[in-house]
Amino acid sequence: MTRELGAWADLVQLGTSQAMAGLSEMIGAEIEVSDLELRCIPVAAVSEAFGGRDREAVGIYLTVSGAADGHLMLMYEPRIALAFVDLLYGEPLGTGGALTEMGRSALGEMGNVIGAYFLNAIADATGLALLPSPPEVLTDMAGALLDIVSADILLTQDETYMGEATFSVAGQDVSGVFLVMPTPGLLDALSRVAELT
Amino acid sequence: MSGPAAVVRTTALSLGEWHISADPEESLACIGLGSCVAFVAWDPVTGLAGMAHMVLPDSTQGRESATAPAKFVDTAIPLVVDRMTARGARRERLRIHLVGGAGMLQGVQRTNSMNIGERNTIAARAAVRALGLRVYAEATGGGHGRTVRLSVADGSMTISSPGSSAVAA
């Protein structure tokens with residue numbers, strides 16, 4: 001593992017754990033991160049984590065600004081996104097049959113919480129001030145959603161560090177993937193911090 | 001009289017990939033295009049088909065890549081056209097389509113993303129024009145993903161989007 005990946009791995013671990021703590025607080029149920037895998041893979045292969053580019057997915061997208069520009073994208077299969085909406089509204093799983101405006105709003109709020117906790121954890125560890133934008137909730141093909149973040153990365157490199165967390169909500173049949181891919185600008189900023197420490 | 005050969009296999013192009021084929025049993029596809037643009041070309045005389053899955057508009061703004069040689073619109077389109085003509089296609093016969101280039105973000109981040117889909121589409125039109133060619137038809141823009149498939153056998157094309165059935169183009 002390169003030093004760069006090592007530093008990034010530590011931060012993703014920390015950020016993910018904090019983000020899940022924030023989400024746990026929001027929905028009032030314990031969330032367990034059962035697996036956190038970090039890999040350096042071709043950008044083009046990221047969609048395989050979602051079963052292919054043509055699979056329908058729900059994305060919660062935020063941009064990052066401040067010490068470095070970047071993107072945060074949370075992506076879920078539609079059934080998982082709907083399960084989160086049920087959890088957020090305190091309803092039994094399976095209550096929501098389709099993603100409504102209220103559901104989108106709830107998922108956006110979830111993106112707010114996860115983004116803020118994740119970036120705060122990185123900021124606390126590195127001193128980098130990173131600010132999330134308001135979230136946008138999107139439903140489309142996984143490949144089309146991933147284009148939003150892939151283009152920036154592919155501009156200068158073909159591979160990306162992908163953090164993939166599998167988590168479950170205690171007592172509930174919900175699991176999902178929390179996908180984190182740093183942009184080159186964010187990695188540069190983190191490398192500069194690492195050189196100083 | 002027999003019709004076009006049935007498609008036996010599909011070659012799906014990933015980000016930055018291109019492919020040409022004269023195999024009538026093959027189809028070429030770009031799956032889940034968002035802001036990316038597919039360059040699609042077919043020569044009805046030789047039956048030669050070409051496709052590129054392009055990600056970014058301008059090679060001078062980034063770094064070329066051996067593993068994703070078609071990632072930039074301005075270099076991918078001349079590359080595919082050159083390779084097709086080298087195999088016997090004639091430029092003036094090429095039936096060219098552009099697909100994709102969506103603006104996936106509709107909210108506040110739309111400006112932040114610099115509307116890359118629109119820039120890709122504009123760059124693709126310019127690259128086609130620069131070769132002295134014209135775009136036969138395009139399905140670009142909007143705010144949704146698309147999948148495009150091209151049958152090498154007869155140049156027929158289908159475009160599908162989430163929640164819609166495939167439309168022949």
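Considering each residue of the range B:126-153, count those that are assigned to a helix (DSSP H, G or I) and in contact with an Asp or Glu (Cβ under 6 Å, 6 or more places away or on another chain), and give that number. Step through it out loud before you land on a result.
Step one: filter the range B:126-153 for residues assigned to a helix (DSSP H, G or I), giving B:126-130.
Those left that are additionally in contact with an Asp or Glu (Cβ under 6 Å, 6 or more places away or on another chain): B:127.
Within the range B:126-153, residues that are assigned to a helix (DSSP H, G or I) and in contact with an Asp or Glu (Cβ under 6 Å, 6 or more places away or on another chain) number 1.
Being under 25 Å from residue A:191 (Cα atoms) and either among the polar types (S, T, N, Q) or more than 15 Å from the chain's Cα centre (by Cα) (or both) narrows it down to one residue among A:92, A:42; which is it?
Values: A:92 fails: under 25 Å from residue A:191 (Cα atoms).
Every option except A:42 fails the conditions.
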Practice prompt. Return a yes/no flag: does the range A:2-17 have any residue that is in contact (Cβ under 8 Å) with a residue 60 or more places away in the chain, crowded, with 22+ Cβ neighbours inside 10 Å, within 13 Å of another protein chain (Cβ to nearest Cβ) and among the aromatic types (Phe, Trp, Tyr).
Written response: no
| query | Scanning for something within 13 Å of chain A (Cβ to nearest Cβ) and over 20 Å from residue A:146 (Cβ atoms), does the range B:42-59 turn up at least one residue? | reply | yes
Only one of (1) within 12 Å of chain A (Cβ to nearest Cβ); (2) on the phi < 0 side of the Ramachandran plot; (3) surrounded by 24 or more Cβ atoms within 10 Å (Cβ to Cβ) does not apply to residue B:67, and that is (3)
Only unsatisfied item for residue B:44, checking (1) in contact with a Leu (Cβ under 8 Å, 6 or more places away or on another chain); (2) modelled with pLDDT of 95 or more, is (1)
Here the residues within the range B:67-93 that are touching a Ser or Thr at 6+ places or on another chain (Cβ under 9 Å) and assigned to a loop (DSSP other than H, G, I, E, B) are B:68, B:69, B:71, B:87, B:88, B:89, B:90
Within the range B:1-17, does at least one residue satisfy the condition of being more than 18 Å from the chain's Cα centre (by Cα), farther than 28 Å from residue A:43 by Cβ, modelled with pLDDT under 95 and of a type in the set (Ser, Thr, Tyr)?
yes
Restricted to the range B:45-66 and to residues being closer than 12 Å to residue B:120 by Cα and either without any contact (Cβ under 8 Å) to a residue 40 or more places away in the chain or not in a loop (DSSP other than H, G, I, E, B) (or both), the residue farthest from the chain's Cα centre (by Cα) is B:59
Of the residues in the range A:110-136 that are facing chain B (nearest Cβ under 9 Å) and surrounded by fewer than 24 Cβ atoms within 10 Å (Cβ to Cβ), the one that is farthest from residue A:80 (Cα to Cα) is A:133
When residue B:164 is run through (1) outside any loop (DSSP other than H, G, I, E, B); (2) more than 10 Å from chain A (Cβ to nearest Cβ); (3) at pLDDT below 95, the failure sits at (1)
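The values are calculated or read from the model by the stated rules, or taken from the named source; none is laboratory data. Nothing here was measured: the structure is a model prediction, and the numbers come from that model. Heads up, the Cβs are rebuilt from the backbone with ideal geometry, glycines too, and the neighbour counts pull from every protein chain shown.
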